[in-house]
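Structure record follows, encoded as structure tokens.
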Amino acid sequence: MSRRVARWLPSVAVATTLLAGASRAQHPPPLDGNPPLGSLWHFLSDSSRARWVRPTASLVLPGTGQLLGGSERGALYLVAEALLLTRFFSLQHDGTRDAGQYRNLAFSVARGAFSPEVRDTAFEYFEAMAKYIESGPFDMDPGPDLVPPWDERTFNGRIWLLARQTFFADPDSIPAPNSWEYLQALDFYRRRAVGPNFRWSWRGAALEQDLYRQTIRSSDQAFRRARDQLGLLLANHLLSAIDALISTRLRGGAGPAGPSAGVRLGRARLHADPYLLVTLQATF
């Protein structure tokens, strides 16, 4: 079995389960042909409550409002919900896995020679590790005075250059150490530079840094796509609720009026990754 087929098996299983449940929900097994009085199904199926029960039900779980009204297109919303949820959890898993990989590389390779203790920090720090071969020293002077590094190939050297460009009239001409410009530049550097406890270096580990860049990019993309799935999930809930509200008003809270619906499955390719497209079509 190919990886691509296996990847979608959980979606198919969830969708099949939901469809089976939806089928049973449309035809409950009452003893006398009517839902038992006082039962949850009797409460939900009461046409006098349909105007608010069905839209609310669809807002909570897409498709349930349509199924309560006897419309089979509610199953389409359920299938879409199952596929979107499966995709969301899959992307979250991929992002978390890749995040663990690039953090392990950062702690064991880039920071291993400077700080054996694992200290997590902001994501911007890990992004900087992907752009610069090393952080560089925080202070070049072993004495009490703070002397920033001048190597612009390092992260700290770049921060000191930005501080000079921001506060000095000439970045290459250093004013007096007690001048306002110099003190402001030092404060700028001190608040943004990487301290000795978080120093890193990829020197002699070019392959590891390249793998680090790939995994941090992959993790970030996975989390971004997971957030996109949340937007689609919200849209599915709102669309199902609006559909149930309009259908209930058009029918006056009565039974089904014979709308038509369809679903079309397809495949597309975006950013070199295959996607499953679900197109829902409904005619009222």
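Listed by first and then second residue, the pairs with beta-carbon distance under 8 Å, at least 6 apart or on different chains, first residue in segment 138-165 and under 19 Å from Trp200 (Cα atoms), second of a type in the set (Lys, Arg) and loosely packed, with under 15 Cβ neighbours inside 10 Å, are Phe155/Lys131; Ile159/Arg192. Does Ala241 satisfy being surrounded by 15 or more Cβ atoms within 10 Å (Cβ to Cβ) and farther than 30 Å from Glu72 by Cα? Against the criterion (surrounded by 15 or more Cβ atoms within 10 Å (Cβ to Cβ) and farther than 30 Å from Glu72 by Cα), Ala241 does not qualify. Across segment 52-95, which residue is surrounded by the most Cβ atoms within 10 Å (Cβ to Cβ) among those that are acidic (Asp, Glu) and either more than 19 Å from Gly231 (Cα to Cα) or in contact with a Leu (Cβ under 8 Å, 6 or more places away or on another chain) (or both)? Here the answer is Glu81. The residue that is farthest from Leu238 (Cα to Cα), counting only those in segment 65-91 that are at pLDDT below 85 and among the polar types (S, T, N, Q), is Ser71. Those helices (runs of 4 or more DSSP H) of segment 122-228 in which 3 or more residues are assigned by TED's automatic domain parsing to the domain that holds Arg103, within 24 Å of Asp98 (Cα to Cα) and touching a helix residue (DSSP H, G or I) at 6+ places or on another chain (Cβ under 8 Å) occupy 123-131. Residues of segment 95-121 that are in a loop (DSSP other than H, G, I, E, B) and either of a type outside the set (S, T, N, Q) or under 20 Å from the mean Cα position of the chain (by Cα) (or both): Arg111, Gly112, Ala113, Phe114, Pro116, Glu117, Val118, Arg119, Asp120, Thr121.
If the condition is being basic (Lys, Arg) and closer than 20 Å to Thr86 by Cβ, then segment 205-244 contributes Arg224, Arg225, Arg227. Closer than 30 Å to Ala235 by Cα and surrounded by fewer than 22 Cβ atoms within 10 Å (Cβ to Cβ) - does that describe any residue in segment 99-112? Checked against the condition, which is being closer than 30 Å to Ala235 by Cα and surrounded by fewer than 22 Cβ atoms within 10 Å (Cβ to Cβ), segment 99-112 yields at least one hit.
The values are calculated or read from the model by the stated rules, or taken from the named source; none is laboratory data. If you're wondering where the values come from, they're calculated on a predicted model, not measured in any experiment. Don't worry about glycine lacking a Cβ; one is built from the backbone with ideal geometry, like all the others, and counts go over all protein chains shown.
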